[in-house]
Amino acid sequence: MSGPDDVAALAAAVGLDPPVYRRADVERQVGVPHADMVRWWRAMGFAEVPEDEVAFGRDDVRMATDLASLLASGRVDDLDVLRLARVLGSSFSRIAEAQVSLLEDVDDEGGGADGVGSEGTDPGRSLEDAELLELLETSLVYVWRRHLVAALGRRLRVEAADEALRADIADPDTTTEARHEDHGTSATTVGFVDIAGFSRLSKRLDVEELGDIVDRFEAGALDVVAEHDGRVVKFIGDAVMYVAPDLEAGVRIGLDLQERAKGSDVPLELHCGVAHGPTITMGGDVFGPTVNLASRLTDVARRGTAVIPRECAHELDDRPDLLVKPVRRPYDLKGIGRTRLATVARRPEERDAPASRRRDRRDRRAG
């Protein structure tokens, strides 16, 4: 598809009103300053639109009107809007690219004997499949709602833990050690797992093989993190960043991922670093010194282990299936300084135990 007429056709196919306005037309209708419109548009990750181009429709007017009304109410400020716009833009850009790839695959399957239609692969043809388009839309809303429920549940659990901590502090019989166990409820367990030697793999494997490895790594990470009640924060190239309910869960995620990678068709060596401490969450991402520490610990990790700060090692002392070893010499971690570490691995007899048996033991501990 090409040409301005096709832009209107594409908009209609995905449920958008056709473009009939220039940016200045939208600004006049909504009463929003030009600078605000440009900032909102850029924050969502869209390419710049020439001022004289007819590129906006009634959907854009309605969205800008709703945003302007929300800001005027004082319930949120411009910074909140821009932060959410950036998260939505970056996330949905990736989702849209993945959906277009799916449409291409559908076209390939519906093509001729060679898997390609007479006009070649054209994802635009799949836009005529109303059932498929409806599934793409409803799946977005469904996954969003499920994640919203999960996020609200995590927030309620944190608030409940805060209430419990305040009650403990108010109780004169509660010891200082008990009050500060697990570093307080504002602390977060952050973990990183990356593929070691990814640059060497890139030179040795072709693009499709490399893509398959990354795909399986991401799928495994999502599976294992969910199994331990954690959350994948993001994938960064050949690494995954996640948060976990506690230090033990964070460590077990790393060890489980390494075992999966070792048993794959193309055995991979994964490195894991886990830290526990204060963080701040903004736009679904997690920031702070704890994140930096976990990332740097991954740099010095070795196969089959998770590296943690040495002062956290005592929290895993009573785990009979884990082998915790303090590292004798301190490490100079970039941006962190001299840090004492400990390694955590499964005991040799546990490495050969079936995963189901380990899950049963974990469930009994949780119960």
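The values are calculated or read from the model by the stated rules, or taken from the named source; none is laboratory data. Every value quoted in this text rests on a predicted model; they were computed, and no experiment measured them. For neighbour counting, all protein chains shown are included, and Cβ atoms are generated from backbone atoms with ideal geometry for every residue, glycine included.
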I need every pair where a residue in the range 311-324 that is part of a strand (DSSP E or B) has its Cβ under 7 Å from the Cβ of a residue that is small (Gly, Ala, Ser), sequence separation at least 6 or different chains.
323/345; 324/313; 324/342
Among residues of the range 329-338, those that are on the phi < 0 side of the Ramachandran plot, of a type outside the set (Lys, Arg) and within 28 Å of the chain's Cα centre (by Cα), counted:
2
If we ask which residues in the range 231-258 are without any contact (Cβ under 8 Å) to a residue 40 or more places away in the chain and under 22 Å from residue 157 (Cβ atoms), their number turns out to be 1
Which residue out of 260, 252 is surrounded by 15 or more Cβ atoms within 10 Å (Cβ to Cβ), farther than 22 Å from residue 293 by Cα, basic (Lys, Arg) and assigned by TED's automatic domain parsing to the domain that holds residue 278?
260
Count, please, the residues in the range 213-232 that happen to be under 14 Å from residue 298 (Cβ atoms) and either part of a strand (DSSP E or B) or outside the structural domain of residue 344 (by TED's automatic domain parsing) (or both).
0
The helices (runs of 4 or more DSSP H) lying entirely within the range 1-96 that contain at least 1 residues which are in contact with a Ser or Thr (Cβ under 9 Å, 6 or more places away or on another chain) and farther than 30 Å from residue 284 by Cβ are 23-30
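Quick check, is residue 304 of a type outside the set (Phe, Trp, Tyr), touching a residue at least 12 places away in the same chain (Cβ under 8 Å) and over 29 Å from residue 210 (Cα atoms)?
No: the conditions fail for residue 304.
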Just one of 24, 64 is modelled with pLDDT of 90 or more and within 30 Å of residue 134 (Cβ to Cβ); which is it?
64
From the list 20, 26, which residue is touching a strand residue (DSSP E or B) at 6+ places or on another chain (Cβ under 8 Å) and within 18 Å of residue 71 (Cα to Cα)?
26
